[in-house]
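This report concerns only the one structure given below.
The values are calculated or read from the model by the stated rules, or taken from the named source; none is laboratory data. Predicted model only: the values in this text are computed from it and were never measured. For neighbour counting, all protein chains shown are included, and Cβ atoms are generated from backbone atoms with ideal geometry for every residue, glycine included.
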Amino acid sequence: MRHRKQFRNGQEGFTLVEILVVVTIIGIMAGIATLSLGLVEDPRGPRREMDRLEALIKLVSDEALLQGRDFGLLLEDSKYRFLTYNYDKGLWENEGLDEKLRVRELPEGQQFHLVMEGQLVPLDLDEEEERLVPHIAILSSGEYTAFDLELHLQLTDQSEHLRGTMTGKLIRDPELSDER
């Protein structure tokens, strides 16, 4: 006696196409949710920010030469600002600067690491400190304070590096972290 399978008019289970459609929809929804939560960051972020900072340092260096004024760069973990030295008062201040030199916040997840003379410099600014003192001087003679600066993206562990020499030269080098 042969056993025959009897088919019903309805389906039993799902077809492969239906399963693929559902998986695709779930993937798209997960991608949208991830982007809206900001879990995926722009991998060009550190490069873009370091390009901006490098351009601003060059602009300030040119301004220092043209105006005969000394400027400084004050870094914090997640922001930076430019200062100018007031010889009459004998202190650094951020007044009277062009809008291009305003305080700039880094995008979320990015932070600076500054090395000077082989030592990691703490960048947490004491809020009670009234006097601003820049980490990097950009002098009217065209010279800089020598520095190695890393802009680090925490989520992807990606970094961009910028070195400033005492002669006023800026060098972009991804190998700087190996020298530490």
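Key figures for this structure:
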item: Number of the exception - Asp148 against (1) under 25 Å from Asp70 (Cα atoms); (2) of a type in the set (Asp, Glu); (3) outside any strand (DSSP E or B); (4) modelled with pLDDT of 85 or more; result: (3)
item: Any chance Lys58 is exposed (fewer than 15 other Cβ atoms within 10 Å of the Cβ), assigned by TED's automatic domain parsing to the domain that holds Glu105 and touching a residue at least 12 places away in the same chain (Cβ under 8 Å); result: yes
item: Verdict on Leu123 being touching a residue at least 12 places away in the same chain (Cβ under 8 Å), in a strand (DSSP E or B) and either surrounded by fewer than 17 Cβ atoms within 10 Å (Cβ to Cβ) or among the hydrophobic types (A, V, I, L, M, F, W, C) (or both); result: no
item: Number of positions in the range 157-176 that are touching a helix residue (DSSP H, G or I) at 6+ places or on another chain (Cβ under 8 Å) and either under 21 Å from Ile138 (Cα atoms) or modelled with pLDDT of 90 or more (or both); result: 8
item: Residue within the range 53-60 that is modelled with pLDDT under 90 and among the basic types (Lys, Arg) present; result: no
item: Qualifying positions in the range 151-169 - assigned to a loop (DSSP other than H, G, I, E, B) and within 28 Å of Gly109 (Cα to Cα); result: Gln154, Leu155, Thr156, Asp157, Thr165
